[in-house]
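The values are calculated or read from the model by the stated rules, or taken from the named source; none is laboratory data. All of these numbers come straight from a predicted model, not from anything done at the bench. Using ideal geometry, Cβ is built from the backbone for each residue, glycine included, and neighbour counts are taken over all protein chains shown.
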Amino acid sequence: MNARMTASPLDPLALRIARHLDAAPESPLKSIAKAVGEADYPGRVVKELNAMRTNGDVECERKKGEMLYWLAKPLAAIVGTDSPAAPLACDLPPGIRIGTRAAQIWRALTSPMTARQIATATQCAAGQIDPVLSQLAKAGQLAREAGPDGKFLYSRPTPKLIPVAEPVDFARAPELQYLAPEDYEMPPADPALLASANRMLSERLDGVAHVLRGCGLPALRDITGGEDLQPHVAALSGAYQMAAAQRDAWRELADRHGCDTPTELIDRIAAIEQKRLGTTSELTRAMQDLDAIREALSPLTMTIDGNDLTERELAENAAALIGKLQHLLDTGRHETEALRAEVERLRESEFVSQAVVSPTLEAITPSSFVVVAPKRPLRRFASHDNAIKSAMSAAGNGSGRGEVFALVPVGVAKRGAVWRGVK
């Protein structure tokens, strides 16, 4: 048997498991395997945990679909070599299984104790002990009575004495004399029958090994009936527990998302992943747009590094720049309107009305052309085509518009206050 009936020094894996459970009680199998460096071989951890449970060093309990393990005794008592022998399952009363919290409480009750004393002896929290004590007391597995201070004292119930009848000699009792006395004697061992029984037992073990080989676990692929099958069965049990935990996790996830079948849950997860990828792509594009805004604002905010600005600060700076640009555009528009009004006034003046015969370019010959654009100085061109090109360039480079006016010669003033009109 793998169970160590007397305490002995732990092997390295069991020692690592005991130290981890001492630091992190009520740990699941996956956490224990990862902590002891056996995440890829959980069957080894399950095998050692089962052996430690048989020795009474470890206890476990299923909570929320997951098996949790903790130390049943202090670490010093487990690691030491002078610890008492582990209790057998036959030492526990009916209804209490070895390796459970109830078994831990039963072993601690060597004398009447309060709930707090039991919690101290088992090194467990009172909230973990009280529900188990109530359940054991209701089931009659523990005796409970009020102490002098009013607190309940728990103890093992007094065993009931069952009268034992005197042994009956079936070979010599007159009332049971149905056969001859020699017929009641044990016959000598028959080698043929023993060989047949051994062969039958070997065939059954081979059948169990065949079933274990077909379970699909790589570690059980080459086992035979001549080996000790207990560790292999423990490995299969551990794999089943992990599969059951994964199944429960899948069921909880399916209930959370309102799915009825695993296929529907997989499709829902795929849709969520696709949505996550889309959201990530949108965030990437948004970050690229923000980088472009920072790069565009960097020439306009010479004293501020665009990479140090948050999105809100970028928006505020952009809004301020747009306000400045709108103010400049309004100022240029007002100046243009004033210049246009001045030109109209000049057209209506007496000198212009006398000099200009027709408002069309065909009727007069301008001497030059003027380009008027917001936020830009007046520019004079001798060529009509060059004036048009300059106006188009101003309109496309931020001014918004460009106007071309023809200059018609009216006259010239010379030194000596002499005015000569154009004929």
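Within segment 21-52, if we keep just the residues that are over 26 Å from the mean Cα position of the chain (by Cα) and buried (at least 20 other Cβ atoms within 10 Å of the Cβ), the residue that is nearest to A235 (Cα to Cα) turns out to be K47. None of R276, R204, R251 is surrounded by fewer than 15 Cβ atoms within 10 Å (Cβ to Cβ), in the same structural domain as R53 (by TED's automatic domain parsing) and among the basic types (K, R) except R204.
Scanning segment 206-228 for residues that are of a type outside the set (D, E) and more than 38 Å from the chain's Cα centre (by Cα) turns up G207, V208, A209, H210, I223, T224, G225, G226.
In segment 367-393, the residues that are without any contact (Cβ under 8 Å) to a residue 24 or more places away in the chain form Cβ pairs under 6 Å with partners that are of a type in the set (F, W, Y) and surrounded by 15 or more Cβ atoms within 10 Å (Cβ to Cβ), at six or more places apart or across chains, as follows: F381/F369; H384/F369; A387/F369; A387/F381.
Residue-level analysis places R199 outside the set of residues that are of a type outside the set (F, W, Y) and either closer than 28 Å to R44 by Cβ or modelled with pLDDT under 80 (or both).
Pick from segment 382-405 the residues that are outside any helix (DSSP H, G or I) and of a type in the set (A, V, I, L, M): which of them is surrounded by the fewest Cβ atoms within 10 Å (Cβ to Cβ)? Lay out the reasoning, then the answer.
Initial filter on segment 382-405 (outside any helix (DSSP H, G or I)): 382-383, 400-405.
Applying the additional criterion that residues be of a type in the set (A, V, I, L, M) yields 382, 404.
Values: A382: 11, V404: 16.
My answer is A382.
So for segment 300-318 (the condition being at pLDDT below 80, part of a helix (DSSP H, G or I), of a type outside the set (D, E, K, R) and surrounded by fewer than 12 Cβ atoms within 10 Å (Cβ to Cβ)), does at least one residue qualify? Let's see the steps before the verdict.
Of all residues in segment 300-318, those at pLDDT below 80 come to 300-318.
After this cut, where a residue has to be part of a helix (DSSP H, G or I) as well, the list is 306-308, 311-318.
With of a type outside the set (D, E, K, R) added as a condition, the list becomes 306-307, 314-315, 317-318.
Keeping just the survivors that are surrounded by fewer than 12 Cβ atoms within 10 Å (Cβ to Cβ) gives 307.
Yes, because at least one residue in segment 300-318 is at pLDDT below 80, part of a helix (DSSP H, G or I), of a type outside the set (D, E, K, R) and surrounded by fewer than 12 Cβ atoms within 10 Å (Cβ to Cβ).
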